[in-house]
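The values are calculated or read from the model by the stated rules, or taken from the named source; none is laboratory data. These figures come from a predicted structure and were not determined experimentally. Don't worry about glycine lacking a Cβ; one is built from the backbone with ideal geometry, like all the others, and counts go over all protein chains shown. Accessible surface is based on the protein model in full, side chains and every heavy atom, while ligands, DNA and RNA are left aside. Shrake-Rupley method; radii C 1.70, N 1.55, O 1.52, S 1.80 Å.
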Amino acid sequence: MAKIIVVTSGKGGVGKTTTSAAIGTGLALRGFKTVVIDFDVGLRNLDLIMGCERRVVYDFVNVINKEANLNQALIKDKRTPGLYILPASQTRDKDALTMEGVQTVLDNLAKDFEYIICDSPAGIEQGAQMALYFADEAIVVTNPEVSSVRDSDRILGILQSKSLKAEQGGTVKEHLLLTRYNPERVAAAEMLSVADVEDILAVPLLGVIPESDAVLKASNQGAPVILDHESEAGQAYLDAVSRLLGEEVEHRFLEVQKKGFLKRLLGGKK
Amino acid sequence: MTDVCFQMKGTAVTAVVMDLYNYSSGVFYEQLKQKIDTAPHFFNASPLVLNLSSYDGLLQSEHLSQVVASCRELGLQPMACKAAPEHLLGAIKKLGMACLPASNARTTKIEAEPVAQVESPRATKIITRPIRSGQQVYAEGSDLILMAAVSEGAEVLADGHIHVYGPLRGRALAGVKGDTDARIFCRQMEAELVSIAGYFILNDKLREQCWKQPAQVYLEGESIQVAAL
Ligand SMILES: Nc1ncnc2c1ncn2[C@@H]1O[C@H](COP(=O)(O)OP(=O)(O)OP(=O)(O)O)[C@@H](O)[C@H]1O
Ligand SMILES: [Mg+2]
């Protein structure tokens with residue numbers, strides 16, 4: 001049975017698409033056949049971050065409207081075996097996705113894939129609700145600031161009241177992913193700490209992804225940051241994937257780096 | 001064999017108690033009207049017990065009739081007088097009301113009253129999941145027990161008491177149908193607002209006492225009290 005995981009946040013620009021690309025790639029690297037679906041109709045970002053924008057011919061909406069079949073629309077990732085992308089369309093309006101259409105596509109994907117990652121659009125309205133409706137699990141992406149945490153709280157409420165799982169009396173499994181974490185700014189009390197966010201949201205912590213220039217570099221190159229093993233962000237995403245698979249891994253990159261002798265000698269890398 | 005016509009049961013009735021201090025006709029009516037206008041929902045058809053123990057001087061029986069008439073006109077249901085002096089007993093009977101002794105004899109006597117409204121047993125509502133921002137939970141006709149957090153931006157309401165075992169960061173309103181005996185109990189007080197029977201206080205006031213501590217909230221007269229647990 002395929003597991004459907006939605007990557008959601010409420011607030012925009014917190015790192016959902018970056019996370020969807022990284023986690024999807026990470027699961028495929030671990031040998032699971034994985035598809036990442038871009039639910040952000042009208043914006044289309046995932047294919048850019050995954051570096052496959054030039055290979056988009058048909059998209060999610062074409063499949064729903066039966067203008068193309070699933071195999072025509074699915075893009076096979078060039079770098080990572082077992083990884084596929086179902087892109088969003090750039091031109092259509094937000095109402096192009098229908099509940100029945102989404103369900104049919106997910107049902108068909110579930111026959112073939114082990115993980116289905118749904119990259120949600122921002123907000124808590126229809127688009128975001130569509131992306132989370134069929135989810136078994138949710139990765140709630142949060143930045144360490146009050147407005148982002150509040151939005152995550154709202155989306156958690158929607159998750160447990162307006163998803164299919166909730167309607168059937170069950171629960172969607174929750175994971176908290178804190179991204180763009182900057183220990184210096186936490187120490188300076190300019191940002192909430194991991195403990196603050198955990199205290200407010202009370203959701204198990206899947207990972208903490210540090211703020212890192214490697215993320216921008218990766219998305220400019222169209223290669224998910226998890227492939228950059230040198231970067232802290234890449235390593236933190238690898239850890240998060242391990243935790244998602246049930247492994248116990250200690251959290252890293254939470255403290256301000258004391259620049260040691262060797263680090264200084266080598267110039268230290270971000 | 002004849003069928004049993006009735007069964008006697010003990011019960012407690014929620015009623016408003018009016019402590020009458022003094023009386024002058026126009027003034028009483030105006031003040032009562034003003035009071036009711038502050039919470040019409042709460043007072044509507046509420047059973048009323050008139051407590052005369054604090055009355056200053058001697059209440060004349062015609063004034064008592066006027067008090068009762070005003071109460072009835074304004075939608076209350078006066079059902080008994082408490083601590084009535086000897087000379088009023090006849091008048092009270094004529095008004096179709098019962099006499100209650102002065103001290104706290106509530107357990108022994110109330111069952112004998114003409115019961116205006118019998119409460120059914122409350123089935124407490126228990127919720128184990130957190131109540132998140134934007135969500136609302138209402139326990140109608142019952143108490144509400146919340147096992148996890150109530151987030152900022154969430155709202156929990158009950159006709160009865162509210163118990164919160166996680167942090168209370170949102171809004172909690174107990175006794176929303178006017179039960180002034182309703183209370184709020186929480187393990188960690190960080191609420192945006194707490195309210196009992198329509199009276200409320202806000203976050204700024206709450207920060208002065210028991211902030212982030214175990215606390216209970218109850219009504220004393222018209223004033224919301226917060227006390228450590
Ligand atoms: N760990 C990080 N360190 C530094 N920059 C980051 C990090 N994560 C994300 N970003 C940057 O934040 C911006 C938003 O990221 P992303 O597009 O993944 O967010 P999103 O939640 O999908 O946004 P939207 O709500 O618009 O879909 C991008 O410029 C990305 O490079
Ligand atoms: Mg995005």
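Restrict the check to region A:105-127 and report whether at least one residue is under 15 Å from the mean Cα position of the chain (by Cα), among the hydroxyl-bearing types (Ser, Thr, Tyr) and either away from every other protein chain (no Cβ under 14 Å) or not in a helix (DSSP H, G or I) (or both).
The answer is yes; a qualifying residue exists.
Is one or more of the residues making up region B:91-101 at pLDDT 95 or above and open to solvent by 80 Å² or more (accessible area, probe 1.4 Å)?
Scanning region B:91-101, I find no residue that is at pLDDT 95 or above and open to solvent by 80 Å² or more (accessible area, probe 1.4 Å), so the answer is no.
Give the residue, chosen from A:GLU167, A:GLU125, A:GLU114, A:GLU137, that is away from ligand 1 (no atom under 14 Å from the Cβ) and either free of Cβ contacts under 8 Å to residues at least 12 places away in the same chain or over 27 Å from A:ILE209 (Cα atoms) (or both).
Of A:GLU167, A:GLU125, A:GLU114, A:GLU137, the one residue that is away from ligand 1 (no atom under 14 Å from the Cβ) and either free of Cβ contacts under 8 Å to residues at least 12 places away in the same chain or over 27 Å from A:ILE209 (Cα atoms) (or both) is A:GLU167.
Taking into account only those residues within region A:1-59 that are of a type in the set (Val, Ile, Thr) and more than 16 Å from ligand 1 (Cβ to nearest atom), which is nearest to the other protein chains (Cβ to nearest Cβ)?
A:ILE4
Listed residues B:PHE43, B:PHE6; which is within 18 Å of the chain's Cα centre (by Cα), aromatic (Phe, Trp, Tyr) and either at pLDDT below 90 or loosely packed, with under 14 Cβ neighbours inside 10 Å (or both)?
B:PHE43
Any residue in region A:208-221 that is within 8 Å of ligand 1 (Cβ to nearest atom) and of a type in the set (Val, Ile, Thr)?
Taking every residue of region A:208-221 in turn, at least one turns out to be within 8 Å of ligand 1 (Cβ to nearest atom) and of a type in the set (Val, Ile, Thr).
Does region A:139-150 hold any residues that are more than 16 Å from ligand 2 (Cβ to nearest atom) and either away from chain B (no Cβ under 14 Å) or touching a strand residue (DSSP E or B) at 6+ places or on another chain (Cβ under 9 Å) (or both), and which are they?
A:PRO144, A:GLU145, A:VAL149
crowded, with 23+ Cβ neighbours inside 10 Å, under 11 Å from A:ASP119 (Cβ atoms) and either of a type outside the set (Lys, Arg) or within 16 Å of ligand 2 (Cβ to nearest atom) (or both), is that true of A:VAL7?
Yes.
Does B:ALA191 meet the test of being on the phi < 0 side of the Ramachandran plot, touching a helix residue (DSSP H, G or I) at 6+ places or on another chain (Cβ under 8 Å) and within 14 Å of chain A (Cβ to nearest Cβ)?
no
Under 7 Å between Cβ atoms, which residue pairs at least 6 apart in sequence (or on different chains) link something in region A:177-206 that is farther than 28 Å from A:LEU245 by Cβ with a partner that is outside any strand (DSSP E or B) and of a type in the set (Val, Ile, Thr)?
What qualifies is A:GLU184/A:VAL256; A:ALA187/A:VAL256.
Select from region A:110-138 the residues that are open to solvent by less than 10 Å² (accessible area, probe 1.4 Å) and either within 16 Å of ligand 2 (Cβ to nearest atom) or out of contact with any strand residue (DSSP E or B) (no Cβ under 8 Å at 6 or more places or on another chain) (or both) and list them in ascending order.
A:ILE117, A:CYS118, A:ASP119, A:SER120, A:ALA128, A:ALA131, A:LEU132, A:ALA138
From (1) assigned to a loop (DSSP other than H, G, I, E, B); (2) over 30 Å from B:ALA15 (Cα atoms); (3) open to solvent by 50 Å² or more (accessible area, probe 1.4 Å); (4) at pLDDT below 95, pick out the condition that doesn't hold for B:ASP204.
(1)
A:MET50: open to solvent by less than 20 Å² (accessible area, probe 1.4 Å) and not acidic (Asp, Glu), yes or no?
Considered against the rule, which asks whether it is open to solvent by less than 20 Å² (accessible area, probe 1.4 Å) and not acidic (Asp, Glu), A:MET50 comes out as yes.
So that you can scan it fast, the table gives a plain yes or no per residue for (1) away from ligand 2 (no atom under 16 Å from the Cβ); (2) under 21 Å from A:VAL256 (Cα atoms):
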site: A:VAL186; (1), (2): yes, yes
site: A:ALA195; (1), (2): yes, yes
site: A:GLU198; (1), (2): yes, yes
site: A:PRO204; (1), (2): yes, no
site: A:VAL208; (1), (2): yes, yes
site: A:ASP213; (1), (2): yes, yes
site: A:GLY222; (1), (2): no, no
site: A:ASP228; (1), (2): yes, no
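Inspect all residues belonging to region A:151-165 and state whether any of them is more than 14 Å from chain B (Cβ to nearest Cβ) and on the phi < 0 side of the Ramachandran plot.
Checking region A:151-165: at least one residue is more than 14 Å from chain B (Cβ to nearest Cβ) and on the phi < 0 side of the Ramachandran plot.
Within region A:10-38, can you find the residues that are crowded, with 19+ Cβ neighbours inside 10 Å, within 9 Å of ligand 2 (Cβ to nearest atom) and under 15 Å from A:GLY127 (Cα atoms)?
A:LYS16, A:THR17, A:ASP38
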